[in-house]
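Any read-out appearing in this document is the output of simple, stated calculations on the displayed coordinates, not a laboratory observation. Everything quoted here is computed from the prediction, not taken from an experiment. As a convention, Cβ positions derive from the backbone with ideal geometry for all residues, glycine included, and neighbour counts pool all protein chains shown.
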Amino acid sequence: MNLVEFKNVSRSYQLGEVSVTALQDVTLNIPKGAFTALVGPSGSGKTTALNLIGCLDKPSQGEVMVAGQAVSTMNRKQGADFRGEKLGFVFQDFNLLPVLTVFENIEYPLLMIRDMPKHLRHPLVEKVLAAVSMENQADKYPAQLSGGQKQRTAIARALVGNPLLVLADEPTANLDGATAKTVVELMKQMRDEFGTTFVFSTHDPRIMDQAELTFHILDGRLEDAPAKEVTHV
Ligand code: ADP
Ligand code: MG
């Protein structure tokens with residue numbers, strides 16, 4: 001079963017007189033459970049694609065389906081409900097709340113989005129804390145953590161509501177090479193453990209080959225294969 005489907009998706013932005021095409025006629029399928037990378041240089045359209053999957057943006061043309069639902073036609077409220085229920089997000093700059101502890105950051109979506117009572121929240125937070133090996137850092141604040149620990153916390157927060165799909169936009173861009181690798185390995189382990197589909201974007205050659213399914217994007221278009229040679233004139 002495909003979890004994500006793009007059917008002839010284009011997205012352009014109108015900036016005054018000028019139209020900028022961020023994605024052009026992209027058709028792709030991501031099967032459920034696939035550990036997937038969107039790879040391309042800066043400005044190629046990766047964030048645009050993730051925002052469309054995450055119901056944060058709508059295509060100018062074409063259709064985006066996630067878990068069998070046409071997210072491209074959802075209204076704001078439907079999109080927000082869908083995100084809260086089905087999706088988790090991981091960001092380049094971690095986006096942890098500095099005044100909350102590791103535990104509280106992870107608990108936050110259950111409290112604020114799902115309005116879940118404490119006796120149900122706490123076991124879920126403890127489970128994902130242990131899964132990302134952060135159980136001994138639960139009472140620390142983000143400022144007391146290394147970059148890798150911050151991203152482990154963010155991955156736990158993305159997973160705590162047991163989403164179908166985690167979207168990670170350049171999750172390793174602010175990490176050193178060795179830490180970047182362990183963070184991607186952790187995401188893959190989480191896929192194995194919880195069955196969550198992961199789609200991450202990157203332009204880092206050191207981590208893109210850890211994906212099982214890779215889509216190369218250049219200037220808003222999908223490339224057929226990695227390192228494609230231009231053979232015709
Ligand atoms: P990437 O994430 O691969 O760096 P983006 O998806 O952010 O690429 O951007 C793709 C293209 O779309 C770029 O040319 C960018 O400048 C343009 N773009 C993205 N968002 C907007 C926006 N809100 N308004 C205008 N242009 C945008
Ligand atoms: Mg981007």
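By the compact-protein rule of thumb, 2.2 N^0.38 Å, the alpha-carbon radius of gyration of the chain corresponds to a ratio of 1.03.
Here the range 78-150 and the range 1-65 have alpha carbon centers that stand 27 Å from each other. Size descriptors for the range 127-178 (Cα atoms only): Rg and Dmax, in that order, 11.4, 31 Å.
Springs join every pair of Cα atoms under 10 Å in this Gaussian network model of the chain, and among 155, 30, 113 the largest mean-square fluctuation is at 113. Over the chain, what is the relative contact order in percent, taking alpha-carbon pairs closer than 8 angstrom and at least six residues apart? That works out to 28 percent.
Pairs of lysine residues in the chain that meet both criteria, 8 or more places apart or on different chains and Cα atoms under 19 Å apart, total 19.
What ranking do 130-139, 158-167, 88-97 get when scored by the average of other Cβ atoms within 10 Å per residue, highest first? If you can, show how the numbers build up before the last one.
Numbers: 130-139: 15.7, 158-167: 21.6, 88-97: 18.5.
With the highest mean Cβ count within 10 Å placed first, the list reads 158-167, 88-97, 130-139.
If you keep only loop residues by DSSP, which trypsin sites (Lys or Arg not before Pro) in the range 131-233 have at most 12 other Cβ atoms within 10 Å of their Cβ?
Those that pass, being in a loop and sparsely packed, are 228.
Consider all pairwise Cα distances in the range 1-126 and report the whole-number % of them above 20 Å. Walk me through the numbers on the way to the answer.
Details: 4271 of 7875 pairs.
Result for the distance tail: 54 percent.
Measuring nothing but alpha carbons in the range 152-199 and taking Rh as the Kirkwood radius, the Rg to Rh ratio lands at 0.94.
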